[in-house]
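Everything below concerns the one structure shown next.
The values are calculated or read from the model by the stated rules, or taken from the named source; none is laboratory data. Quick caveat, the model's predicted, so the values are computed rather than measured. When we count neighbours, we look across all protein chains shown, and the Cβ atoms used for this are built from the backbone with ideal geometry, even at glycine. We work out accessible area using only protein heavy atoms, side chains counted, and drop any ligands, DNA or RNA first. Shrake-Rupley method; radii C 1.70, N 1.55, O 1.52, S 1.80 Å.
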Amino acid sequence: MTDKAPALAYVSILLLGAAMGGVIYLGTREGPSTPPGTGPAGATGATAGTPGAPTGSPSSGAGASLTFVASADLTPHEQAILERVNEARANPAVLVPTWQKQLADERAAKRVPCDEPDSMLESLRAYKPMQPLAANQQLTDAARAHAKDEVARKFWGHVNPDGVGSNQRIVAAGYPLPIGKGIGGFTYSDKKDAVNTESIFMTQGRDEIPASAWPDAVDSLIIDACVPSRGHRDHVLGVSGTSPLEPEIGVGTASGPRQHHVVLETATRLDGNFYVLGVVYRDADKNGRYDAGEGVANVQIDARAAGVTTKSGPGGGFALPVKDGTTGELATGGGAVKPFAVKGANVKVDFVVP
């Protein structure tokens, strides 16, 4: 537990986006990695970071009051990005054909500026399911701030013009990153420019992109064309450095003149909590999945077995902290009830409303 993961370097890699369009830049993550699908989070289910501190003391029981825990305020397209992250983590192998088609389309259009073989995605068939991530407000604040800073100061990279990396930005946003503590054989670096937590994406060339295209950033990061380390892929899918043990995520986006930025921050506070998380949505297009704009906000979600309650955020997402071994039911203010059981990993429970 004494090895220290170095700050993750970044380089500008160019490729052309699919539905997003324009030139895409991926911040390359480099550093120690663990074999795909290893670590205690390698079970199905979902992990959510505590979006905010509980108010009051939690209690449980049929007649007991519940502690309110605010869910992160992800926008509809930020929630759509998170849903794509969690879909990919739930079963990477099943999505390989989708990613292969995207890579083939990019190659046919001569939009991949390097010689990437068809086999570059084959290793994803061996990636095991990892717990989904839950939105955390502080991580989201840090991700948004960095995306907006890139637009405002016209730079792109993990380290800002002041020499500050993502680790310190997360701490400045109020997240209790356990810098210096051993995590799965690695530690979060305390260096000013350390980047152990972040993947970034930028596309240029279009003034606007459709809401449905924002999740394409996740696919581009997982394909990771022209990035030899495949560092984004391993970060998003939870198999490199500290990421196998990270249950929380921040999603931040920002747009400027003919450019759009996505920043993903993942971390753990090492507090022993797991999370029941999900999204409340109205399946308007009847495709059986969440799409940007379908989220239903302000729906009350109770987990009485854990003594906590929340309301869904602007994009419909929610997350509730629970202890390992907790079994119970999630109940909405509208009367819908679904069971959950937390066994060493976060659990994802979605509600589709009429």
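Here are a few things to note about the model shown:
- Exactly one residue among Glu150, Glu87, Glu116 is more than 24 Å from Pro257 (Cα to Cα), at pLDDT 95 or above and acidic (Asp, Glu), and that residue is Glu87.
- Unique residue being touching a residue at least 24 places away in the same chain (Cβ under 8 Å) and closer than 20 Å to Gly185 by Cβ when the list is Ser220, Ser212, Ser240, Ser255: Ser240
- Test for Glu87: is it open to solvent by 20 Å² or more (accessible area, probe 1.4 Å) and among the charged types (D, E, K, R): yes
- Of the residues making up the stretch 154-165, those that are closer than 30 Å to Asn273 by Cα and open to solvent by less than 20 Å² (accessible area, probe 1.4 Å) number 2.
- Thr332 being touching a residue at least 40 places away in the same chain (Cβ under 8 Å) and among the hydroxyl-bearing types (Ser, Thr, Tyr): yes
- The stretch 313-335, residues that are farther than 25 Å from Glu78 by Cα and open to solvent by less than 40 Å² (accessible area, probe 1.4 Å): Thr326, Gly328
- Residue within the stretch 299-312 that is open to solvent by less than 50 Å² (accessible area, probe 1.4 Å), among the hydrophobic types (A, V, I, L, M, F, W, C) and either modelled with pLDDT under 95 or within 19 Å of the chain's Cα centre (by Cα) (or both) present: no
- Residue selected from the stretch 191-218 under the condition in a helix (DSSP H, G or I) and either of a type in the set (Gly, Ala, Ser) or open to solvent by 10 Å² or more (accessible area, probe 1.4 Å) (or both), by the criterion nearest to Glu265 (Cα to Cα): Ala217
- Residues considered: Arg258, Arg269. Of these, the only one that is closer than 25 Å to Asp324 by Cβ, touching a strand residue (DSSP E or B) at 6+ places or on another chain (Cβ under 8 Å) and open to solvent by 30 Å² or more (accessible area, probe 1.4 Å) is Arg269.
- Breaking point among (1) touching a strand residue (DSSP E or B) at 6+ places or on another chain (Cβ under 6 Å); (2) within 15 Å of Gly250 (Cα to Cα); (3) open to solvent by less than 60 Å² (accessible area, probe 1.4 Å), for Val151: (2)
- Residue within the stretch 91-100 that is over 27 Å from Gly238 (Cα atoms) and either part of a helix (DSSP H, G or I) or modelled with pLDDT of 85 or more (or both) present: no
- Long-range neighbours under 9 Å by Cβ, at least six apart or interchain, first residue among the β-branched types (Val, Ile, Thr) within the stretch 96-117, second assigned to a loop (DSSP other than H, G, I, E, B): Val112/Ala225; Val112/Cys226
- Just so you know, in the stretch 172-206 the residues that are charged (D, E, K, R) and under 28 Å from Glu87 (Cα atoms) include one that is modelled with the highest pLDDT, and it is Glu198.
- Complete set of residues in the stretch 120-138 that are charged (D, E, K, R) and in a loop (DSSP other than H, G, I, E, B): Lys128
Yes/no per residue for (1) over 20 Å from the mean Cα position of the chain (by Cα); (2) crowded, with 19+ Cβ neighbours inside 10 Å; (3) of a type outside the set (Val, Ile, Thr); (4) closer than 25 Å to Arg230 by Cβ:
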{"position": "Asp115", "(1), (2), (3), (4)": "yes, no, yes, yes"}
{"position": "Lys128", "(1), (2), (3), (4)": "no, yes, yes, yes"}
{"position": "Gln137", "(1), (2), (3), (4)": "no, yes, yes, no"}
{"position": "Asn167", "(1), (2), (3), (4)": "no, yes, yes, yes"}
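- If you go through the stretch 153-167 and keep only what is assigned to a helix (DSSP H, G or I) and at pLDDT below 95, you end up with nothing.
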